[in-house]
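Undergrad: The structure that follows is given in the form of structure tokens.
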Amino acid sequence: MNERSPRLPPRLVGVAVKLSSPQAVSLGRRVVGQLLGHGVQVTADCESAAVLGLPPGPPRAALGRSVDLVVVVGGDGTFLSAAHGCPQSTPVAGINMGTLGFLTEHPPDGAEEFIGDVLAGRVELQRRDRLEVRVGEGEVSGPFLVLNDVVINKAALARMISINVEVAGEHLSLYRADGLILATPTGSTAYNLSAGGPIVHPGLAALVITPICPHTLSNRPLVVPSGLEVMVTLVRGDEGVYLTLDGQQGLPLRAGQVVRVRVAEEPLWMVRDRSASFFSTLHQKLKWGEREA
């Protein structure tokens, strides 16, 4: 933990739950009860508050700006939606009520013990790089903060799109593909993995560039140093090409529009069990080395 990392234990905790999961809502209520029982102030985003029996709080994207810690009870999508607006002063802890759960890595059956460890300061804060994204040249949209990935993708019936990519001002490639993914090491186990990109250890300072179904067999995923700016220009694309940020925000892209991506100065801090291991997580989540029944 460096000098800029947040401090635990927290005095005010924000809770966000996966609203479509009755199990997540039930566990969320127990987490709230445990926190209140330890004398910790608790709030929740406006939608979660309604099912947790709490007064209405801020929108989920603003929850992290007013608390010392955010606890997410849900899947990785819920985690991303809650972490979206978090400053680096607010760490995020995830209890997994989803499927893979690379971000919400703590199992629900150990939630009470985990919350106890958080309140006692027996956890580790791990720094995760985020991306800063700006769209346009004259009139610029953004900056947007992204934890997992930036995706340029075509609509289902659109034709192949052409995307020009420059790294640190130098031409890299003109990709003719169904799309392009720019992923952080944290996001390397998300859409990037499904598209055939590499898994990158979250401790590395890197950026992954992965074409989606490229129409040239020599195009392969590329890992570049995190200090380099990547500039992506949509050269050709039908109507229905979108820029998606962490699967939470979508912006339409027009031919000629430029997307600039660099590692943000402000990281996100994730709460991890001190005994947790990235490699054991890979083995557990991806079932590596296990024989099929």
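Only the coordinates and a few stated rules stand behind these numbers; no lab work does. The structure presented is a predicted model; accordingly, all values stated were derived computationally and were not measured. Quick reminder, even Gly has a Cβ in these numbers, built from the backbone with ideal geometry, and neighbours come from all protein chains shown.
Undergrad: So, counting K/R as plus one and D/E as minus one, what does the shell of residues with Cβ under 14 Å around N96 add up to?
TA: My count for the surroundings of N96 gives -1.
Undergrad: Given that just one value was derived from the coordinates, which of [x] 18.9, 56; [y] 19.7, 60; [z] 19.6, 65 is Rg and Dmax of the Cα atoms in Å?
TA: Label of the calculated value: [y].
Undergrad: Further question: In terms of Cα to Cα distance under 28 Å, which lysines are near enough to K18, apart from those fewer than 8 places away along the same chain?
TA: K285, K287
Undergrad: For R30, what is the net charge nearby, where nearby means another residue's Cβ is under 15 Å from its Cβ and Lys, Arg count +1, Asp, Glu -1?
TA: Counting the neighbours of R30, the net charge comes to -1.
Undergrad: Take peptides 70-81, 202-213 and line them up by average Cβ neighbours within 10 Å, highest first, as a rough protection proxy.
TA: Going by the mean number of other Cβ atoms within 10 Å, highest first, we get 70-81, 202-213.
Undergrad: Moving on to the next point. What is the stretch 131-263 by shape, rounded, prolate or oblate, if you read a ≥ b ≥ c off the alpha carbon gyration tensor as root eigenvalues and call it rounded for a/c under 1.5, prolate for a/b larger than b/c, and oblate otherwise?
TA: It comes out rounded by the Cα gyration axes.
Undergrad: Simple spin-label model, 7 Å along Cα-to-Cβ: E229 to L36 in nm?
TA: In this crude spin-label approximation the distance works out to 4.9 nm.
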